[in-house]
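Worksheet for the structure shown next.
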């Protein structure tokens, strides 16, 4: 399995299992890609990049990926609270993966941006994970 697909599945399962995040989202609204017409708040995966991180003797990947917390509330509070909960759940965690092992999972940054003519706020959590095969 692709390291990105495996990592996304493990991260999604970690986020979807958290009651506090579900309370912020108003239910289990953690998506690989938000369904058409989905209204915020919700969490969806953004961009991802996997780079070879192999050594002379071991195979590995560095994965850079983002998680987008969407909100339609005025201000940044809701989106940042959702992004912060995702950060707390994932920082230094070891999500269960099927063919890879998350050696190091770290949050790098969070940024906010108004989208769709200011109607929605997106807080993007940027993550880095080093992966090695099981």
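The values are calculated or read from the model by the stated rules, or taken from the named source; none is laboratory data. Owing to the predicted nature of the structure, the values given are computational and were not obtained by experimental measurement. FYI the Cβ positions are ideal-geometry reconstructions off the backbone, even for glycines, and counts take in every protein chain you see.
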Note to self: Residue under question is residue 106, and the condition is that it be in a strand (DSSP E or B), within 13 Å of the chain's Cα centre (by Cα) and closer than 19 Å to residue 21 by Cα; does it hold?
What the structure shows: yes
Notebook entry, point to check: Do the conditions hold for residue 92, that is, is it touching a strand residue (DSSP E or B) at 6+ places or on another chain (Cβ under 8 Å), at negative phi and either surrounded by fewer than 20 Cβ atoms within 10 Å (Cβ to Cβ) or free of Cβ contacts under 8 Å to residues at least 40 places away in the same chain (or both)?
Noted result: no
Next item on the list: Identify the residue in segment 74-84 that is surrounded by fewer than 21 Cβ atoms within 10 Å (Cβ to Cβ) and touching a helix residue (DSSP H, G or I) at 6+ places or on another chain (Cβ under 8 Å) and, among all such residues, is nearest to residue 8 (Cα to Cα).
Entry: 81
Checklist line | Of all residues in segment 1-40 being part of a helix (DSSP H, G or I) and more than 14 Å from the chain's Cα centre (by Cα), the one that is modelled with the lowest pLDDT | finding: 3
Check: If you take the residues in segment 109-123 that are surrounded by fewer than 18 Cβ atoms within 10 Å (Cβ to Cβ) and assigned to a strand (DSSP E or B), which one is modelled with the lowest pLDDT?
Finding: 115
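Yes/no per residue for (1) surrounded by fewer than 12 Cβ atoms within 10 Å (Cβ to Cβ); (2) more than 25 Å from residue 120 (Cβ to Cβ); (3) in contact with a helix residue (DSSP H, G or I) (Cβ under 8 Å, 6 or more places away or on another chain):
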site	(1), (2), (3)
3	no, yes, no
6	no, yes, no
18	no, no, yes
27	yes, no, no
33	yes, no, no
37	yes, no, no
47	yes, no, no
58	yes, yes, no
66	no, no, no
Notebook entry, point to check: When residues of segment 41-76 are filtered for being farther than 13 Å from residue 113 by Cα, without any contact (Cβ under 8 Å) to a residue 24 or more places away in the chain and outside any strand (DSSP E or B), how many remain?
Noted result: 4
Notebook entry, point to check: Does segment 80-87 include one or more residues that are under 11 Å from the mean Cα position of the chain (by Cα), under 15 Å from residue 129 (Cα atoms) and at pLDDT 95 or above?
Noted result: yes
